[in-house]
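Here the structure is laid out as structure tokens; the discussion comes afterwards.
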Amino acid sequence: MNPPEPNSGTDKCQLGSLGAICVAIPHDGKPIKIHGTTPQEFISTLQKSAVAWINFTVSDIEKEGTDIAMKLGFGANLVSTLLKGYYASLEDYDTEMGIMVPAVMISGLDIKSYPLIILVRKDLIVTVHSQEVLRLINFSRYADHYVKRFPADMSVQDKLSMMLVRILDENNNVNFEQLREIEEHADEMSKMLMDASSSRTLIGKKVYEMKHSLITYLNTLWRTLDVLHTLRFGDSELVSDDPKILSQVGLLADDVNRQIALSEHMSSVLASGLEVLQTLYNNQLQILNNRMALTMTWLTILGTAVLVPNTLATYFGAINGVDLSRQFLYTVILLISTVNATILAWWWVRRKVKVPKQADDTGSDSTK
């Protein structure tokens, strides 16, 4: 391995790095693992190693990632070019290669995608990610045991490719776990849909948030799949041509395809949930319309019942004035006319206007 020589103290890379771990396979001896904070601390180890992987955790991935890449002999614009990609990208320059894949994390229904930068040279893999991403830190704890299983006669290119595949697989596996979080919230939403007292506005908001999370998650999966296909069929000089190793990349792509299928199935379930929600809204609106129609029917009956005796009272008053001797007769006439008008109005409404039936929350019909 021929990394650049350490620079003087005045030119030392000053990073806000939160830490770095190097797992290396020396030319002779067992794999080793060392910790540090700057690239310069690993230079001597790299010079004695056949293959090495360094994982950097940083606070500013573009600025610090560029500094790390330059100090370890990669192109100055490689990291910035990768970060311009949409969730994922791959840049292959024959002697060096840069990969960006999404590191997906979800909290509630808030899904976020952080860039995971992977820089590859003929004998070195460098990963750079933000402090929110912990998956490679966890993997680095036993990465030295993983590389111990490499056959002694395996070529450097094969070892490098196997390590690259393992890093991609670790990131994918953690990404796939995020779908379980979305599924749990989908189950909670199903309970809300079954509860007739649930706020329809709240349900609509939850459905939208879940749909948005799934769309974002699917975008990351599709972009990851594009990178894996390019890595498998791009004939990169740095990736081994061994069919077994290429089949490992193919298995990664198959796993992503399965996750895409599961996500699309959940999206279909959510679409069905939206249809259920729309049906609930329509049902509530129909119940309101039925109640309004029923109210108008009774108002019509009451208006007709009151109109007839009111007209008779006005007529008697205009002709005879206030004659207290006939008060009993007027009262009887008004009562009889009120009863007859009410019965006649009810009969006409029942004959000419169909009194609406409204469905209760259980789906049964009842006339109110």
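Some notes on this structure:
- Complete set of residues in the range 17-40 that are touching a residue at least 12 places away in the same chain (Cβ under 8 Å) and not in a strand (DSSP E or B): Ser17, Leu18, His27, Lys30, Pro31, Thr37, Thr38, Pro39, Gln40
- Any hit, the range 254-261, residues being surrounded by 13 or more Cβ atoms within 10 Å (Cβ to Cβ), under 27 Å from Tyr86 (Cβ atoms) and at pLDDT below 90: no
- The number of residues in the range 227-239 that are at pLDDT 90 or above and among the hydroxyl-bearing types (Ser, Thr, Tyr) comes to 1.
- Being farther than 25 Å from Ile343 by Cβ, at pLDDT 70 or above and assigned to a helix (DSSP H, G or I) is a description that does not apply to Glu275.
Listed here are the residues, each with its yes/no results for (1) surrounded by 13 or more Cβ atoms within 10 Å (Cβ to Cβ); (2) among the hydroxyl-bearing types (Ser, Thr, Tyr); (3) in a helix (DSSP H, G or I).
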| position | (1), (2), (3) |
| --- | --- |
| Val147 | yes, no, yes |
| Ala152 | no, no, no |
| Leu160 | yes, no, yes |
| Val165 | yes, no, yes |
| Glu184 | no, no, yes |
| Val207 | yes, no, yes |
| Tyr217 | yes, yes, yes |
| Arg223 | yes, no, yes |
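- Residue among Glu184, Glu188 that is farther than 29 Å from Pro26 by Cβ, out of contact with any helix residue (DSSP H, G or I) (no Cβ under 9 Å at 6 or more places or on another chain) and modelled with pLDDT under 90: Glu184
The values are calculated or read from the model by the stated rules, or taken from the named source; none is laboratory data. Not measured: the values here are computed from a predicted model. Cβ atoms come from the backbone with ideal geometry, glycine included; neighbour counts cover every protein chain shown.
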